[in-house]
1. Tell me, what ³J(HN,Hα) does each residue in the stretch 59-65 have, in order and in whole Hz, if you take phi through Karplus 6.51 cos²θ - 1.76 cosθ + 1.60 with θ = phi - 60° and put x for Gly and Pro?
2. Please report the net charge: other residues with Cβ closer than 12 Å to the Cβ of I33, K and R +1, D and E -1.
3. Between F11 and I71, what length comes free when the chain is fully extended (0.36 nm per residue of separation minus the Cα-Cα distance, one decimal in nm)?
4. So between K21 and E64, what do we pick up on full extension, going 0.36 nm a residue minus the alpha carbon distance?
5. How large is ³J(HN,Hα) for each residue in the stretch 49-57, as worked out from phi by the Karplus curve 6.51 cos²θ - 1.76 cosθ + 1.60 (θ = phi - 60°), to whole Hz, x for Gly and Pro?
6. Shape call for the stretch 45-89 from the C-alpha gyration tensor, a ≥ b ≥ c root eigenvalues: rounded (a/c under 1.5), prolate (a/b greater than b/c) or oblate?
7. Enumerate the calculated ³J(HN,Hα) couplings along the stretch 75-89 in order (Karplus 6.51 cos²θ - 1.76 cosθ + 1.60, θ = phi - 60°), each rounded to whole Hz, writing x wherever the residue is Gly or Pro.
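Quick note: the coordinates plus some simple rules give every number you see, no bench work behind them. Model, not experiment: these values are computed from the prediction. Neighbour counts run over all protein chains shown; Cβ positions are idealised from the backbone, glycine included.
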Amino acid sequence: MYISDGRYADFSFGNTVIEFKHRNNKEISNISIETAIVIQALKTIGKDKVTENHIEILKNRLKEEQKERLIEEGKVASAWIYKIIKKII
């Protein structure tokens, strides 16, 4: 699965399916891959389903420089996502 600012599309090659999922430009452009992944992961989990365990996992896995980028670049995300990003930091 790939995130794109283009249209939704699926392509099949034998047993392999490649999915392109549309996202707003501001959510994926001009930010690091780590920030984009965190934002998309939180969106996938859902606003009311992110647990303290999810937050702890991200706290422990992200390096300090990734956290610094996340807090700055995460400002483009929805308010509820940015609130969770602040907890991660």
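1. Residue by residue, the stretch 59-65 yields 4, 7, 8, 7, 6, 4, 5 Hz.
2. Numbers: positive: R69; negative: E34, E73.
Every neighbour counted, the sum reads -1.
3. Values: separation 60, 0.36 × 60 = 21.60 nm, distance 3.48 nm.
Additional length available on full extension: 18.1 nm.
4. Numbers: separation 43, 0.36 × 43 = 15.48 nm, distance 2.94 nm.
Working it through step by step, the gained length comes to 12.5 nm.
5. 10, 6, 9, 4, 4, 4, 4, 5, 4
6. Cα axes put the stretch 45-89 in the oblate bin.
7. 4, 7, 7, 4, 4, 5, 6, 5, 4, 5, 4, 4, 5, 5, 6
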